[in-house]
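So the structure is just underneath, and the comments pick up after that.
The values are calculated or read from the model by the stated rules, or taken from the named source; none is laboratory data. The structure presented is a predicted model; accordingly, all values stated were derived computationally and were not measured. Note: ideal-geometry Cβ built from the backbone for every residue, glycine included; neighbour counts use all protein chains shown. Calculation scope for accessible area: heavy atoms of the full protein, side chains included, ligands and nucleic acids excluded. Shrake-Rupley method; radii C 1.70, N 1.55, O 1.52, S 1.80 Å.
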Amino acid sequence: MPMVNSKEMFKKAYEGGYAIGAFNVNNMEIIQGITEGAKLENAPLILQVSAGARKYAKHVYLMKMIEAAIADTDLPIVVHLDHGPDFETCKSCIDGGFTSVMIDGSHLPFEENIALTRKVVDYAHERNVTVEAELGRLAGVEDDVKVSAEDSSYTQPDEVEEFATRTGCDSLAIAIGTSHGAFKFKGEPKLRFDILEEVSRRLPGFPIVLHGASSVIPSYVEMINQYGGNMPGAQGVPEEMLRRAASMAVCKINIDSDLRLAFTGELRKHFAEHPDHFDPRQYLTDARNGIRQMVRHKIVNVLGCNGKA
């Protein structure tokens, strides 16, 4: 099966009341763990690559590994640029075989965000590539994306219809209270479902995206702390809130921090239990298995896309 863009995938997700998992990739074991987990649950899949991942692993290596994963699983897989910072980066990814890109102009004034997004959309659509845009700003840190709580802002529902119409984007990331990273909330986590409902009312049938949606699974935080880590108070988005969002207009939920926690937790556990091991195949097998288990959990218990490939 060839790589696909997100258009039909999101249409089915919207109509079916579920979401697709967009999992960030950085190396071979993470790609294998994600795709193996999705294959076991027969789930459609988005593998997304940040600018930091492209710098770390190199574009060509990531693409060849993803091509191998598609050949191995025969799943419908979207290859997506996460948080494209400018037109040039988006163009490079499109020219390099990505089937979907995100242009993040959320830090720009409204008119400038529209102009930048439109430029990317025009280039991408000529090449059958879908485009995600962002309106509103999430707090937190993820690779090169750093937004303070003071600079964050909720999406304004009265702007979304004009933005989507003038840009021609295929999906829209909105800010309703999620945030990047593992330390998301001080106090009780809350999502602004009233904003999501109003956005979906103004954009009926339009795919909405949630960034910063890792739940920071307590068992992996405890595992990391048990084996020498220091993550007191790490708190993510409650999974019941994400399930509710997935049953509404949200068709794509981004998951990165939970993968990092699973990978790191299994590594720490392995070295604590086997301090004499030095063969990467031994400890990376455990880390890959942790990724696979996490992905299966998300697909079944949060996203609801199992059996939808």
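Figures for the structure shown
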quantity	calculated
Positive minus negative residues near TYR227 (Lys, Arg vs Asp, Glu; Cβ under 14 Å)	-2
In Å, descending, principal axis extents of the Cα set of the chain	60, 44, 34
Cα gyration tensor, the range 1-149 - rounded (a/c under 1.5), prolate or oblate	prolate
Rel. contact order, % - alpha carbon contacts under 8 angstrom, at least six apart, the range 228-309	39 percent
Per residue accessible area of the chain, 1.4 Å probe, in Å²	43 Å²
With every protein chain in place, the range 13-140: carbon and sulfur % of accessible area (1.4 Å)	52 percent
Highest-first arrangement of 34-40, 85-91, where packing means the average Cβ count within 10 Å	34-40, 85-91
Over the chain, relative contact order from alpha-carbon pairs under 8 Å, at least 6 apart, %	23 percent
Net charge over other residues, Cβ less than 11 angstrom from the Cβ of GLU132 (K, R count +1; D, E count -1)	-3
Helical mean residue ellipticity (222 nm; -39500 (n - 2.57) per DSSP H run of 4+; nearest 500) of the chain	-14500 deg cm²/dmol
Ordering of 96-109, 273-286 by packing [mean C-beta count within 10 Å, highest first]	96-109, 273-286
Theoretical gain in end-to-end length, HIS277 to TYR154 [0.36 nm per residue, Cα-Cα removed]	39.5 nm
For the range 53-62, Karplus couplings with θ = phi - 60° (6.51, -1.76, 1.60), whole Hz, Gly/Pro x	5, 4, 5, 6, 9, 6, 3, 5, 5, 4
Placed amide H near LEU45: partners under 5 Å, 5+ positions off or other chain	VAL78
Between helix 7-16 and the chain: long-axis angle, C-alpha atoms, 0 to 90°, nearest 10	80 degrees
Among the listed pairs LYS7/LYS308; LYS58/LYS269; LYS7/LYS91, those beyond 26 Å (Cα-Cα)	LYS58/LYS269
Summed residue charge, Cβ within 12 Å of ILE195's Cβ, Lys/Arg positive, Asp/Glu negative	-1
Extension gain, TYR61 back to ASN42 (0.36 nm per residue minus Cα-Cα distance, nm)	4.3 nm
Extension gain (nm, one decimal) between VAL300 and ASP74, 0.36 nm per residue minus Cα-Cα	79.4 nm
Within straight-line cross-link reach of LYS190, lysines at Cα separation under 22 Å, skipping those fewer than 8 residues along the same chain	LYS146, LYS252, LYS298
Accessible surface ranking that places the most exposed of VAL300, VAL79 first, with a 1.4 angstrom probe	VAL300, VAL79
